[in-house]
């Protein structure tokens, strides 16, 4: 089992507070996020943007693997994920991640590519996460 971690801190109320997000690797190190970055278009990151980037990168890697297993080596895969955050059931929910992918795969037919892309969409770990059981440990300090 491989485990990776990220962390976040928050201070203040929802609209006037700010937080920082970091990754174990240090790629993100105390990046600031807040209400205005999430809902008002201010520059900076937000949870949905990070999910979208994770989904796009995971899908691209999975597609490369699946194509390789079918005997194809892609020259290039470009994937964009757009995550939708909507008001739902009295709160907000991520309701969709839409993938747009284009690739250059020598010798692959459109059918070969479509089959590999569908398999990647259904089986990349982040696709599975978006329907995963969520576990938690919570303590009040």
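The values are calculated or read from the model by the stated rules, or taken from the named source; none is laboratory data. Just so you know, these numbers come straight off a predicted model, no measurement behind them. Counting neighbours? That spans all protein chains shown, and the Cβs are built from the backbone with ideal geometry, glycine included.
Which ones in segment 8-25 are in contact with a strand residue (DSSP E or B) (Cβ under 6 Å, 6 or more places away or on another chain) and under 28 Å from residue 98 (Cβ atoms)?
First, pick out the residues of segment 8-25 that are in contact with a strand residue (DSSP E or B) (Cβ under 6 Å, 6 or more places away or on another chain): 8-10, 17-23.
Scanning segment 8-25 gives 8, 19, 21, 22, 23.
Give the residues of segment 116-141 that are in contact (Cβ under 8 Å) with a residue 12 or more places away in the chain and surrounded by fewer than 16 Cβ atoms within 10 Å (Cβ to Cβ), sorted by residue number.
123, 125, 130 - these are the residues of segment 116-141 that are in contact (Cβ under 8 Å) with a residue 12 or more places away in the chain and surrounded by fewer than 16 Cβ atoms within 10 Å (Cβ to Cβ).
Which ranges mark the strands (runs of 3 or more DSSP E) fully within segment 26-141 that have 3 or more residues being in contact with a strand residue (DSSP E or B) (Cβ under 6 Å, 6 or more places away or on another chain) and not assigned by TED's automatic domain parsing to the domain that holds residue 12? Give the steps one after another, and end with the answer.
Working: elements: 31-34, 76-88, 91-104.
Here the list reads 76-88, 91-104.
Yes/no matrix, rows are residues, columns are (1) at pLDDT below 95; (2) surrounded by 17 or more Cβ atoms within 10 Å (Cβ to Cβ):
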position	(1), (2)
29	yes, no
52	yes, yes
62	no, yes
82	yes, no
99	yes, yes
102	yes, no
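Considering segment 52-68 alone, what residues qualify as being more than 11 Å from residue 81 (Cα to Cα) and in contact with a helix residue (DSSP H, G or I) (Cβ under 9 Å, 6 or more places away or on another chain)? Working first, answer last.
Filtering segment 52-68 for residues more than 11 Å from residue 81 (Cα to Cα) gives 61-68.
Those that are more than 11 Å from residue 81 (Cα to Cα) and in contact with a helix residue (DSSP H, G or I) (Cβ under 9 Å, 6 or more places away or on another chain): 61, 62, 63, 64, 65, 66, 67.
Name every residue in segment 1-13 that is assigned to a loop (DSSP other than H, G, I, E, B) and surrounded by 10 or more Cβ atoms within 10 Å (Cβ to Cβ), in order of residue number.
If the condition is that a residue be assigned to a loop (DSSP other than H, G, I, E, B) and surrounded by 10 or more Cβ atoms within 10 Å (Cβ to Cβ), then 12 is the only one that fits.
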